[in-house]
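In what follows, a single structure is set out as structure tokens and then discussed.
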There are 2 protein chains.
Amino acid sequence: MTKRFQVVGIGNAMVDVLSHCEDAFLATNGVEKGIMQLIDMDRAVDLYARVGPAKEISGGSAANTIAGIAQLGGRTAYVGKVKNDQLGAIFVHDLRAQGAVYETALASKASEAETGRCIVLVTPDGERSMNTYLGWSEFLAPDDIDTAMMADADWIFLEGYRFDGPQSHAAFAKAIAATKGAGGRVSVTLSDPFCIDRHRAAFAKMLREDVDLLFANRAEIKSMFETEDFDAALSAAAAQVEIVACTDSENGAFIVNGGDRWHVPAVPTKVIDATGAGDLFAGAFLWGLTNGHELESCGRMACLAASEVISHIGARPEADLGALFRQHGLL
Amino acid sequence: MTKRFQVVGIGNAMVDVLSHCEDAFLATNGVEKGIMQLIDMDRAVDLYARVGPAKEISGGSAANTIAGIAQLGGRTAYVGKVKNDQLGAIFVHDLRAQGAVYETALASKASEAETGRCIVLVTPDGERSMNTYLGWSEFLAPDDIDTAMMADADWIFLEGYRFDGPQSHAAFAKAIAATKGAGGRVSVTLSDPFCIDRHRAAFAKMLREDVDLLFANRAEIKSMFETEDFDAALSAAAAQVEIVACTDSENGAFIVNGGDRWHVPAVPTKVIDATGAGDLFAGAFLWGLTNGHELESCGRMACLAASEVISHIGARPEADLGALFRQHGLL
């Protein structure tokens, strides 16, 4: 029987506040380049007051992935918490308008924590440095997981960033049990090397026991398997997880499935804003996989989608990804 | 004595909600193409639910003008009302971060009206159709006008759209009196042909009695002087107003000063989003004027700035306008 959803994503619901700056601004303001740092509301207010004019665009790693799948026509849903405030309304609107199912209990206007936001500082090289105030998104808990929805998904997609939060590990465990109990499968993205450092044991246990498809980049997979040898890290991952899809910046990506390994070249483009590259890689890969495409083709679609999203400001696709895949002979 | 401000702008404080759509969407949803329509909150909610994923970027016609002057290094300030909500915080941030002075009494969180927003629908030809919920911005009143600030301005810049509102005519009168009383001068933009229809008598009186510099486009100046003859409209305007700066889309602009008339060609570019073209035209023109440039040069700067802002999404400049003027030999 066809399940209702090809992919259900769970992650931190965020509106991105995108602003350009020089590298010197990062150093002066204690922002580490190229990674995600968690900040509290005071720091968010202080940093926001220092950055230049900005654009507000819905983001959130797994939400970007789900938006990509929805844009491709995939049957997809998202789970993540926002407040009933203006940024929350923007986040809800943008996911639904893209075609994803997003039913969430909005936190009331009286709640102290606001909808999460991420101050994304884009330097002239297109690299992004993310400063995340989790806000209400931090409180995702088992009660937020609808087991019927998970059971009706071919795949769930878990965002590594969501490991930060008092009850999120329990929420993930509930989602995994409901999915697997109904024959569904589990994908996860490692999200960030520093996030791995914060939750290494939980990640390791999940990889050993539950994960069928792992997304990571070079730095993350090396951090996860605690080795400087990228090749060894790929092999270690593949020994635990059926499919490994690992990005390697301008060198493209590696897809590993048991003894098979494919290298997929990146699609060259001028990098305007790297935000969302990994998210759209995962989205296109999962869409390809759940539509019966070969793993190598899934990797090619993933690299094309990543290339599209870094060619403009914002972490969600603007071009028609399906048309792009057809242009490149993948559909 | 040098005044503190070269230009103080007064207008509707707005955050733009920018979304792409096909022309058929406009027809289906009763949106008239290429103009500004006022909508209430119910219509704003209903229309927002129908549009696709969007980007939120600070807008507001006069605020865009002031942002352009600030980006050029001009001494400038803005007057317009927002609420102490998340969109209000975005609007305040973006103007201040651009370098403009913006001191406003924020409406309290308890106020019913929210910060104004404009749902901007951009069709494939780059034309924009604007749907404005004025919100708190509508209630600009004489009490919001700081006469000391107006007296300390070489020029004030009045947004025609701001004629919509119960106390805005009185607020404008107060601003004009304070400015002129201290030897300052008055510029105004007609904003929109339908806005002229709503407030024809008030516009006419202001042009006869107070205005030193008029900004308009072809449709607006014809509507204002109730003639189908563009040339006659320009002459009628010039008979009342010292300087007329009138845009004419891809045909550029006409600058009229008494018996002198200059035609300035447009700077060709691919139109991505026409939002803000007139606003940045006015900003660059006023910056040039208050820095002692000849009227024709002011017109050339204005066309360059308009060309920059229509080459990307959003109504505020992204490229360095000063660098652009230098490249074209204007500085």
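Normalising by residue count, the protein assembly as shown has a Cα convex hull of 155 Å³ per residue.
Beta bridges per DSSP, both residues in segment B:186-288: antiparallel share near 55 percent.
I'd like the mean, over residues of A:301-314, of how many other protein chain beta carbons sit within 10 Å of each residue's own Cβ. Numbers along the way, then the final one.
Working: counts 0, 0, 0, 0, 0, 0, 0, 0, 0, 0, 0, 2, 5, 3.
So the per-residue partner count for this stretch is 1.
Scaled to the globular estimate 2.2 N^0.38 Å, the Cα spread of segment B:111-196, given as radius of gyration, is 1.27. Packing around the peptides A:253-266, B:235-248, B:74-87, taken as the average count of other Cβ atoms within 10 Å per residue, puts them in this order, highest first: B:74-87, B:235-248, A:253-266. The amide H of B:Gly9, built 1.01 Å from its N in the peptide plane, has B:Ala77, B:Tyr78, B:Val79, B:Phe157 as neighbours under 5 Å, considering only residues 5 or more places off or on other chains. With distances taken between every two different alpha-carbon atoms, segment B:150-238 has a Kirkwood hydrodynamic radius of 13.2 Å. The tail of the calculated P(r) for segment B:1-80 beyond 16 Å holds 63 percent of all Cα-Cα pairs.
Rounded to the nearest 500, the helix-only mean residue ellipticity at 222 nm of the protein assembly as shown stands at -11500 deg cm²/dmol, with each DSSP H run of n ≥ 4 adding -39,500 (n - 2.57).
Sorted shortest first, the separations between the B:Asp212 label point and its copies elsewhere in the assembly read 7.3 nm; each point sits 7 Å from Cα along the Cα-to-Cβ line. Of the chymotrypsin sites (Phe, Trp or Tyr not before Pro) found in segment A:177-233, none is in coil by DSSP with at most 10 other Cβ atoms within 10 Å of its Cβ. Taking θ as phi - 60° and the Karplus parameters 6.51, -1.76 and 1.60, the scalar couplings of segment B:44-52 work out to 4, 5, 5, 5, 4, 5, 8, 7, x Hz in sequence order, x denoting glycine and proline.
The residue among A:Ser61, A:Asn29, A:Val8 whose Cα reaches farthest toward the positive pole of the charge dipole of segment A:1-90, with charges on the beta-carbon of Lys, Arg, Asp and Glu, is A:Val8.
How long are the three semi-axes of the equivalent ellipsoid of segment A:84-135, in whole Å, if each is the root of 5 times an eigenvalue of the C-alpha gyration tensor, listed from largest down?
Numbers: eigenvalues 124, 55, 11 Å².
After scaling each eigenvalue by five and taking roots: 25, 17, 7 Å.
If a/c stays under 1.5 just call it rounded; otherwise compare a/b with b/c (prolate if a/b is bigger, oblate if not). Do that for chain B, with a ≥ b ≥ c from the square roots of the Cα gyration tensor eigenvalues. Judged from the Cα gyration tensor, chain B comes out rounded (a/c under 1.5). For the peptides B:125-131, A:304-310, the ranking by packing is A:304-310, B:125-131, with the highest mean count of neighbouring Cβ atoms within 10 Å listed first.
Here the Karplus relation 6.51 cos²θ - 1.76 cosθ + 1.60, evaluated at θ = phi - 60°, turns the backbone of segment A:6-17 into coupling constants of 6, 9, 10, x, 10, x, 7, 7, 9, 9, 7, 10 Hz, with x for every Gly and Pro. Taking the label point 7 Å along Cα→Cβ, A:Arg326 and its counterparts in the other copies are spaced 4.7 nm apart, in ascending order.
Nothing charged except the Cβ atoms of Lys and Arg (+1) and of Asp and Glu (-1): what's the magnitude of the dipole of segment A:73-194 about its Cα centre? Round to the nearest 20 debye. Show your work: numbers first, answer last.
Numbers: 11 positive and 16 negative charges, 48 e Å.
Using Cβ point charges on Lys, Arg, Asp and Glu, segment A:73-194 gives about 220 debye.
Each other copy places its own label point for B:Ala173 at 7.2 nm from this one, sorted shortest first, where the point lies 7 Å along the Cα-to-beta carbon line.
Read the figures in this text as sums done on the coordinates, not as results from a lab. If you're wondering where the values come from, they're calculated on a predicted model, not measured in any experiment. FYI the Cβ positions are ideal-geometry reconstructions off the backbone, even for glycines, and counts take in every protein chain you see.
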